[in-house]
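K.L.:
This is the structure, below, for whatever I ask next.
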Amino acid sequence: MARATGKTEAVYERLKQDIESLRLRPGAKLSEIQLGEELGASRTPVREAIRRLSREGLVDFVPGEVARVAPISLGGVRALFEFRMLLEPEAAASVTVRGQTQERTLEPFRQLLAKLDEFEASFRAMDDVRQAQSFQDFYTLTENFDHQIIAACRNPYLARTVRDLRSQTVRLRHLSQSGPRRMLTSLDEHRAMLKAIVQGDALAASAACRHHLAQTLQALMDSLTGQNAEFGSEVQLDIGG
């Protein structure tokens with residue numbers, strides 16, 4: 001059982017990475033036999049990994065039918081961010097409140113704030129080519145911020161739900177195309193969240209988080225709408241999801 005569980009986890013992590021990075025495109029078929037051959041696994045861990053990814057919304061899976069990577073629709077993107085705007089501002093406020101009684105909670109956020117300032121200064125000094133190459137460094141910083149919020153959130157159910165939604169957002173980031181202007185705006189939005197948390201202002205942390213998500217949603221919608229001709233059926237321009 002331990003070996004089977006370990007293999008399922010390995011298959012799950014590989015498929016998740018491939019879906020998030022778009023190596024497996026939206027709508028792609030997921031053959032248990034083919035994936036098992038590629039990943040050196042039997043059908044059981046592959047099937048369990050697919051079911052787990054289905055629960056996270058990354059795979060469309062109906063028993064007895066061929067599983068597919070979940071498509072992306074503008075309605076689905078909007079619904080995802082509306083849900084995130086209900087949860088993540090509360091998580092940011094929760095972390096802020098916790099930091100007022102547990103000082104060590106704030107240290108990772110102070111460090112991140114300093115790293116954002118360092119990154120911005122370095123980024124602004126780069127030419128266009130180097131700026132384009134440095135986007136992943138910024139994403140690494142923002143992913144660290146997300147991980148720290150999840151780790152410090154006082155409500156385990158809230159933290160788990162926020163964590164499980166991250167995969168959807170990572171996939172959208174790879175599908176959209178954000179330029180330096182949006183990245184610098186996002187940097188300012190993260191700085192505002194970090195400052196509010198460090199300063200102990202839970203209301204400001206919540207508001208800054210909600211503002212960041214609203215701005216990110218608008219940028220994604222603009223980007224995905226513009227790319228629909230390129231991606232075809234991978235991005236569906238329906239309103240309802």
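K.L.:
Between Lys115 and Arg51, take the C-beta separation as r, use R0 = 45 Å, and let me know the FRET efficiency to the nearest 0.05.
P.N.:
0.75
K.L.:
Moving to a separate point now. Quick one: what does P(r) look like for the chain with 10 Å bins over all Cα pairs, in whole %?
P.N.:
7, 28, 31, 24, 9, 0
K.L.:
Show me, for the range 110-125, the HN-Hα J-couplings you get by feeding each phi into the Karplus relation (A = 6.51, B = -1.76, C = 1.60, θ = phi - 60°), rounded to Hz, glycine and proline as x.
P.N.:
5, 5, 5, 4, 5, 5, 5, 4, 5, 5, 4, 4, 5, 4, 5, 8
K.L.:
Sticking with this one: Taking only Cα atoms, what is the 0 to 90° angle, nearest 10, from helix 156-175's long axis to the longest principal axis of the chain?
P.N.:
The two axes meet at around 80 degrees.
K.L.:
Continuing with the same structure: Counting residues in the range 106-217 as N, plug N into 2.2 N^0.38 Å and put the Cα Rg over that result.
P.N.:
Computed over Cα atoms of the range 106-217, the ratio equals 1.07.
K.L.:
Still on this model: Name the long-range amide H neighbours of Gly200: under 5 Å, sequence gap of 5 or more, or other chain; modelled H, no Pro or chain starts.
P.N.:
none
K.L.:
Which of Ala114, His212, Ser167 sits closest to the plus end of the dipole of the chain, meaning its Cα is farthest towards the positive end, when Lys and Arg get +1 and Asp and Glu get -1 on the C-beta?
P.N.:
So the residue we want is Ser167.
K.L.:
Right, another one. What is the spread of the Cα atoms of the range 52-151 along each of their three principal axes, largest first, in whole Å?
P.N.:
Sorted largest first, the three principal extents are 52, 44, 22 Å.
K.L.:
Based on Cα positions only, what radius of gyration and what Dmax would you give for the range 1-116, in angstroms?
P.N.:
Both quantities, over Cα of the range 1-116: 19.0, 53 Å.
We did not get these values from a lab; they are worked out from the coordinates using the rules stated. Source: prediction; values computed, not measured. When we count neighbours, we look across all protein chains shown, and the Cβ atoms used for this are built from the backbone with ideal geometry, even at glycine.
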